[in-house]
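Remarks on the structure that follows.
Quick note: the coordinates plus some simple rules give every number you see, no bench work behind them. Keep in mind that what you see is a predicted model, and the values were worked out from it rather than measured. Here the Cβ positions follow ideal geometry from the backbone for every residue, glycine too, while neighbour counts run over all protein chains shown.
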Amino acid sequence: MKNKTAPLISLQNIVKEYQTGDTVFQALKGINLDIYQGEFVAIMGPSGSGKSTTMHIIGALDVPTSGTYLLNNTNVTRYTEDQLAEIRNKEIGFVFQSFNLLPRTTVLKNVERPMMYGNVPVEDREPRAMEMLKLVNLEDKAKSMSNHISGGQIQRVAIARALVMNPSLLLADEPTGNLDSATSHQIMSFFQDLNKQGRTIILITHEPDIAAYANRIIHIKDGLIVTDEINHNVTKAIQK
Amino acid sequence: MNYGEILITALLSLKSNVLRTALTMLGIIIGIFAVTLILIISQGATSAITSQISSLGTNLLHIQTNKAIPLTFDDANAIRQQIPNIVATDEIVNTSKTVSANGQSNAYQITGVNAAFFNIYDMTLQKGSFFLSDDVIANSTLAVIGSKVSSDLFGTDANPIGQLIQVGNRSFYVVGVLNEKGSSIIGAPDQTIYVPVTTAMNTILGTTTLNSIDVLVETPEQVDLTANQIKQLLLDRHNVVDPTIIKNYAVYTSKELLSTVSNITRILSGVLTGIAGISLLVGGIGIMNIMLVTVTERIKEIGLLKAIGAKRSNILTQFLIESVTLTVSGGLIGTILGIGVGTILSHLLKVPFLLPITSIVFSTVISIIIGLVFGIYPAQRAARMNPIEALRYE
Ligand SMILES: Nc1ncnc2c1ncn2[C@@H]1O[C@H](COP(=O)(O)OP(=O)(O)OP(=O)(O)O)[C@@H](O)[C@H]1O
Ligand SMILES: [Mg+2]
């Protein structure tokens with residue numbers, strides 16, 4: 001998997017501490033991790049091991065207590081709030097386990113929203129959003145209110161929105177956590193397609209058969225990486 | 001960022017909780033409603049009074065009595081003889097008495113005037129005639145009565161001319177009935193009985209002091225000069241040297257009367273606007289409260305917005321637009337209600353209705369300011385939220 005070029009993501013000795021009263025809790029105890037352009041990585045590990053914390057740092061939602069984070073060869077560790085917001089908008093697409101969509105508005109407006117923050121010209125927004133919805137086979141739901149679609153559809157809308165700014169990185173924190181098995185596999189085949197088109201994907205999951213769609217599987221325990229292996233047995237998505 | 005889109009977003013979120021939105025806006029609605037109504041009524045009243053005063057003519061002087069300088073007939077004569085450019089003067093006394101006639105009895109304003117009065121104030125008759133200068137000199141017991149007095153005492157059909165009316169223990173012959181005139185700055189002529197000033201002073205009041213003297217000057221340009229000359233004459237005649245009395249002694253011109261009236265309405269609307277201001281303050285605090293609730297309710301949403309790239313300024317603008325939308329909608333509703341009630345009220349009060357353009361602009365600006373001032377704290381709270389904590393909030 002290793003390329004000769006510089007990694008897309010480079011975590012160097014990342015430590016994250018949380019202060020609760022007088023006690024300091026180390027959620028991450030020194031994470032070292034390189035992820036290259038085009039990889040599909042699954043992060044696994046027990047609850048509370050630090051998976052989400054790691055992803056938040058990678059996604060510029062949070063900053064580490066110490067250590068260096070290079071994204072595209074740029075040190076973003078000391079970025080300001082607004083600079084981090086810009087990174088999240090342009091470089092990263094998020095899919096969460098729940099609460100992915102803005103209430104009181106349509107599917108289409110949800111997908112358009114990142115373009116509003118990214119200063120994409122108004123007239124370009126709807127066509128681009130529709131294109132993304134087509135990609136996840138939901139163009140017929142464009143005008144539906146975000147609370148009038150199913151759980152699997154919500155995740156697909158979230159994927160469409162995550163891709164709309166054409167980010168270098170797609171981050172998904174247990175995207176299938178609330179879905180039944182059939183729908184989960186449908187979502188995973190989407191990720192696999194996207195990865196085949198060259199997108200870098202990092203996915204957090206508890207379930208081995210979900211992780212099996214990825215090319216590389218990382219196990220985290222107590223804030224440290226315990227294993228980091230290439231998946232030689234990638235689950236092939238059922239052809240649609 | 002596209003403000004139109006944010007505005008639509010704001011409206012949608014306000015629409016999603018109509019009752020709460022309405023209750024929140026109530027303070028602003030009441031405040032702006034009050035401001036609008038006050039401005040409509042005070043503008044109408046001022047314009048009504050102003051046109052009344054102007055219709056009297058700007059060449060009228062009004063000399064009021066003063067405890068230090070009691071006005072007498074001799075003063076009036078001296079003014080007539082020594083001050084140039086005077087067209088007419090009129091000595092006036094006022095009192096109120098129970099009047100009976102035709103078996104009816106009622107309290108009315110009794111005003112003692114001389115014959116020039118009817119001319120100065122443009123009075124017209126529906127029946128009979130005015131009394132004349134000779135009648136005044138002769139202490140005649142003649143009366144010119146207002147239209148309401150006539151209909152009260154004699155009914156609408158009867159002819160009161162030549163009838164007797166009893167004022168105190170004196171009887172007066174009705175010689176004239178005035179046309180209806182409506183109330184104005186000079187009082188309520190419809191409900192007044194005009195008798196010769198001499199008779200009023202000697203037999204009704206038993207006094208030698210006048211209440212006031214009206215002086216009609218040839219041209220408006222001469223008014224100020226004449227007022228000063230009269231003032232000096234009166235001070236000389238009464239040997240006044242006390243500087244505070246001199247300072248406070250005024251001869252009113254119509255122009256001064258106008259500014260007094262507009263001062264009074266200004267003070268009145270100032271007080272009422274103050275009360276409306278308190279309502280707006282309370283309304284603003286209500287807005288702040290509801291915006292804080294809204295921010296708390298939408299913490300997860302704010303986290304999500306930050307995750308997809310919203311900057312602090314984006315979140316700040318969104319919530320500010322929302323609070324301003326709240327206050328401006330409230331302001332608009334208040335303005336519309338104010339104009340509606342103002343129209344009805346001006347009709348009832350018989351004052352002209354003037355569309356308060358300034359008040360509409362003022363209300364809108366005030367609403368925007370309230371929205372910004374009371375919305376900024378909740379909006380900042382939303383904008384400064386840590387994205388992770390916001391996303392994790394349950
Ligand atoms: N704001 C915080 N304050 C204190 N401790 C925190 C905070 N956020 C996370 N933690 C702790 O850090 C540790 C790692 O949390 P994290 O969310 O990364 O776990 P996770 O691996 O994603 O678990 P799960 O599978 O349950 O989602 C946990 O023990 C958690 O309690
Ligand atoms: Mg987690």
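Take each peptide in B:25-32, B:248-255, B:81-88, A:51-58, count the other Cβ atoms within 10 Å of every residue, and average; sorted highest first, the result is B:25-32, A:51-58, B:248-255, B:81-88. Equivalent ellipsoid of chain B: semi-axes from √(5λ) of the C-alpha gyration tensor, largest first, are 65, 25, 16 Å. Using R0 = 60 Å, the C-beta based FRET efficiency linking B:LEU7 and B:ASN139 works out to 0.15.
For B:VAL87 and B:LEU233, calculate 0.36 nm times their separation in residues minus their Cα-Cα distance, and state this gained length in nm to one decimal.
In short, 50.8 nm is gained.
Using only the Cα atoms of the protein assembly as shown, each taken as one equal point scatterer with no solvent, compute I(q) by the Debye sum, divide by I(0), and report log10 of the ratio at q = 0.05, 0.07, 0.12 Å⁻¹. So the normalised log intensities are -0.49, -0.64, -1.17. Look at the stretch A:101-112: the mean tally of other chain Cβ atoms within 10 Å of its residues' Cβ atoms is 3. Candidate membrane-span-like segments in chain B, meaning DSSP H helices with Cα atoms spread over at least 30 Å of their own axis and a Kyte-Doolittle mean of 0.5 or above, are B:18-56, B:254-297, B:312-348, B:357-383, with no membrane implied.
Taking 0.36 nm per residue of separation and subtracting the Cα-Cα distance, full extension of the segment from B:LEU132 to B:ASP74 would add 18.9 nm.
Between the Cα long axis of helix A:107-117 and the first principal axis of chain A there is an angle of about 60°, rounded to the nearest 10. When chain A is treated as a GNM, springs tying every alpha-carbon pair under 10 Å, which of A:VAL76, A:VAL120, A:VAL107 comes out with the largest mean-square fluctuation? Comparing A:VAL76, A:VAL120, A:VAL107 in a Gaussian network model of chain A, the most mobile one is A:VAL120. Between A:LYS196 and B:ASP242, the simple spin-label model (points 7 angstrom out along Cα→Cβ) gives 10.9 nm. One Cα centroid belongs to the stretch B:312-361, the other to the stretch A:22-100; the line between them spans 49 Å. Max-minus-min Cα coordinates of chain A on each principal axis give 49, 41, 41 Å, with the largest extent listed first.
Taken residue by residue and averaged, Cβ atoms of other chains lying within 10 Å of the Cβ of A:80-88 number 4. With Cα atoms defining each centre, the stretch A:139-165 and the stretch B:100-156 are spaced 88 Å apart in the structure. Over all alpha-carbon pairs of the stretch B:57-254, lay out the pair-distance distribution in 5 Å bins, whole %, shortest bin first. P(r) for the stretch B:57-254, in whole percents per bin: 1, 7, 16, 19, 18, 15, 10, 7, 4, 2, 0, 0. Only lysines eight or more places from B:LYS67 in sequence, or on another chain, were considered; those with a Cα closer than 29 Å are B:LYS97, B:LYS231, B:LYS247, B:LYS255. Modelled this way, with points 7 Å down the Cα-to-C-beta line, the labels at B:GLU389 and B:LYS350 are 6.7 nm from one another. Listed by chain and number, the lysines whose C-alpha is less than 30 Å from the C-alpha of A:LYS143, apart from same-chain residues fewer than 8 away, are A:LYS90, A:LYS109, A:LYS134, A:LYS196, A:LYS240, B:LYS15, B:LYS300, B:LYS306, B:LYS311.
How much mean residue ellipticity at 222 nm does the protein assembly as shown get from its helices, if each DSSP H run of length 4 or more adds -39500 (n - 2.57) and you divide by all residues, to the nearest 500 deg cm²/dmol?
Rounded to the nearest 500, the figure is -15500 deg cm²/dmol.
Bridge orientation summary for the protein assembly as shown: considering DSSP beta bridges with both residues in this region, about 70 percent are antiparallel.
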